[in-house]
Every structure is written in C-alpha cells, then in structure tokens.
Amino acid sequence: MSQSALSPDRSNMAAIKALTYMMFAMFAMTTDSVGIIIPEIVKTFQLSLTAAGTFQYATMSGIAVAGFLLGHLADRFGRKTTILIGLILFAAASFLFLAGTSFLFFCALMALSGVAIAIFKTGALALIGDIVRSTAEHTSVMNWVEGFFGIGSIAGPAVLSYLLNRGVPWQWLYAIAGAMCVLLIFTALSVRYPARTAVSAEQAAWTSVFALMKNRFVLLFSLGLFLYVAVEAAIYVWMPTLLAGYEGPGRWIAAYSISIFFLLRAGGRFLGAWMLNRLSWSVVLTICSGMILVCFAVSMAGGIAWGVYLLPLSGLFMSVIYPTINSKGISSVPKSEHGAAAGVLLFFTCLSAVLAPLSMGAVSDAMGGPIYGFMLATVFAALLFCGLMLNNAFNPTRDVFQRADQNDY
C-alpha cells in the first residue's frame, strides 16, 4: 500500500480534524432524527409502531454488522480510501430517498446508510490514532468528535421539524445530508493523510476481528460501551413516555426533556475534552458514572417529581463516558489494528442500542409501566459504575497505554 511521504502541516492537520468532526455531525443529523420520522412513516403507510421501528433497527443493524465485518478495511486499504468509500455510499443512499415510494425500499436504504456509516466511521476513528501523539490526546480528540456528533443530533431534528412544518417531506433531510456528504468527499480527496505503517492483507483480514475478540481489554471496553449505551438509550427512547402526562412545576422541562438532555450531552463532551487534559480519565469516568447512578436511583426512589429534573441532567455526566471508553478501547491495540478495534466496539454499541430498549420495553409491558424499564436501566447504571470504579482502583491498562505512548505514538 502506498503511503504519503509528506508530513501534514498545521493547516492540513486542521482540515483533517474538521473533516472528521463534520462527518460525525453529518450522520448524526439523520440517525438521531429517526424518532421524528417514525410518526410520518406510521401515518403514510398505516403501520404499527413495532413495524415502523424497523427504521431504527435497520440502521443500527447495518452499522453493527458492517462495523464488525468491515472495520478491518481501514487497516488494509488505508484511512482515506475507506472514508471515501463510506461517504460515497452514504451520499448515494441519501439521495435515493427522494426516489423512494415504498416502506421496504426506505428500510433497505436505512440499512445501506448504516453500512456506509460503519465504513467511514471506522476509517475516521482509525485516522484519529494517526494524527494524535498520545493516548491522552486520543481521548481528548474523541470527546471533541463526539461533541460534534452531539451538535448534529440537535441540528438534525430541528431541521427536520422545520421542514415538516413547511410541508416538506422528511426525505429532504437526507438530501441535505447527502449534499453535505458531497462536500466532505471533495474535502477528503484534497487533504493529505499522515503516513502510517502498512499492513498485509493477512494481518488486516476480517479474521483479525475475531482475534481481537480474544483481547481482554477490547472485550472489557466493549462491555463498558454496552452498559453505557443501555443507560443512554433509556433516556432518548423511553424518557418521553415516562414523563408523558406530567403536570407538576417542572412541566416545561418535561416538554423539552430530550432537547435538554442532548444539549447537556453535547456541551459536556467539549467540557470533557478539557477535563481529560487535566485529570485522570479513570477518575473522571468513575465520578461521572457515579453521578449518573445517583440521577437514576433518586429518580426511581422519588418518582417522576424528581426524575423530571434528574434524568435530563444525567446527559451532562453521560457526555464524557462514551467517547472516552471508545478511545481507550481503540488505544488498547496497535495502530495497525485500530480500524478493526473500532469496528468491534461499534458492533457492541449498536447491539446495545437495539437490545436495551427492547428489554426495557418488554419489562415495562410486563410490569405495567415505563418506570419498571427505568429500574432495569438503573441496574445497568449500577453495573457500569461498579466496573469503572474497579477500573480506577486497579488500573489494569496502565502498562498497555504506557507502552503505546512510548512505541506507537
């Protein structure tokens, strides 16, 4: 595989980072707008909520499967090629939404866009390892990246709501994302990527993904992501149902609870990037996971009167956890395997995004209310806190990251 002999200058490095940030903001505009699209799909095709939920599951399944099986592409063919393949595929799927008329066609495009997201996202995550100089900087940049994802998750629903209020079909949100994607493709073509160690086809083969599954650190960080996403999903999937009908003094908070949560989560990630340059990552995660558990536990003990304030507030403490765990999971393997590692972590992220809301919904239906689903989420929050507390106490990855800083960055 050919490598660039040029070391990127400062402006080129800024362009690479900007490209990465905007990729995450762009696809977040679509993935986090599904909740608003589903009612439109129900109305158009006369579907049940379960059937319409296929939009969410198709995207997450596409990301999960492609992340697991295709994450190695960034290691084999290079970051630039992988990013371009993913962006071109995503742009094509986005524009095709304008040509669709059937529910199955839209579901197929959702799955295809999920595959595309997995391809360029694993390429972008692997690229981060090439442009930073330490595992600590890797974690800080990851929080910036996820901060821009948070901005996209706020902008997407806002743009979609504006379009729908103007009588414009929801498909045009994807056309806007597709247009943004075209600009990102030209940007990706123009920047110079940092030189990286070439790997053989055998080293980067998809079988290496299964080899990573035997890496205890990758598995532990994957478990951490699974538990975190289960807790976060309780908020953005079931909190509106839990707070429906609330008429207390915080009813305006209940009305905008999801927006408040996303705003705090996005802002907290930029704050987290600053904090992680000054404090130990394991301490930060222990404190934040403990505060999440407090928010959930007090909400369960005090009821909706407390939950209406504390559950949206939990977004501030959730903000730093996902990008940091993701960063440390990727950094626990050599740079030549960053793409495959990102794919494995992405697989567990999306698996939880599908299974956790389903399990909470099933518990809520069986027990007679959404509060019981949140009790299950509180158990997930407790497990996450215990795991991160043990990580902080024993610091099992200390030597791994020290060797990475000395030899791989």
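The values are calculated or read from the model by the stated rules, or taken from the named source; none is laboratory data. Since the model is a prediction, treat every value here as computed from it, not as a measurement. Virtual Cβ from ideal backbone geometry, glycine too; neighbours counted across all protein chains shown.
Quick look at the numbers
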item: Selected residue (criterion: surrounded by the most Cβ atoms within 10 Å (Cβ to Cβ)) from residues of the stretch 62-89 that are small (G, A, S) and closer than 10 Å to A118 by Cα; result: G71
item: Residue among S299, S314, S364, S319 that is of a type in the set (S, T, Y), closer than 26 Å to R133 by Cα and touching a residue at least 40 places away in the same chain (Cβ under 8 Å); result: S319
item: Condition met for A255 (in contact with an Asp or Glu (Cβ under 9 Å, 6 or more places away or on another chain) and over 24 Å from G387 (Cβ atoms)); result: no
item: Residue match in the stretch 356-365 (condition: surrounded by 21 or more Cβ atoms within 10 Å (Cβ to Cβ), closer than 25 Å to V115 by Cα and in the same structural domain as F221 (by TED's automatic domain parsing)); result: yes
item: Out of L358, L351, sole residue that is over 29 Å from S134 (Cβ atoms) and without any contact (Cβ under 8 Å) to a residue 40 or more places away in the chain; result: L358
item: Residues satisfying the stated conditions in the stretch 90-104, i.e. modelled with pLDDT under 95 and either surrounded by 24 or more Cβ atoms within 10 Å (Cβ to Cβ) or among the aromatic types (F, W, Y) (or both); result: F103
item: Cross-chain or 6+ apart pairs with Cβ under 7 Å, the stretch 390-409 first and under 14 Å from R216 (Cα atoms) and in the same structural domain as V333 (by TED's automatic domain parsing), then part of a loop (DSSP other than H, G, I, E, B) and of a type in the set (G, A, S); result: T397/S332; V400/S332
item: Residues of the stretch 222-257 that turn out to be touching a helix residue (DSSP H, G or I) at 6+ places or on another chain (Cβ under 6 Å), over 30 Å from S331 (Cα atoms) and assigned to a helix (DSSP H, G or I), as a count; result: 9
item: Within the stretch 375-409, tally of residues that are assigned to a helix (DSSP H, G or I), crowded, with 17+ Cβ neighbours inside 10 Å and at pLDDT below 95; result: 2
item: Entirely in the stretch 17-97, the helices (runs of 4 or more DSSP H) that have 3 or more residues that are touching a strand residue (DSSP E or B) at 6+ places or on another chain (Cβ under 8 Å) and under 30 Å from I131 (Cα atoms); result: none
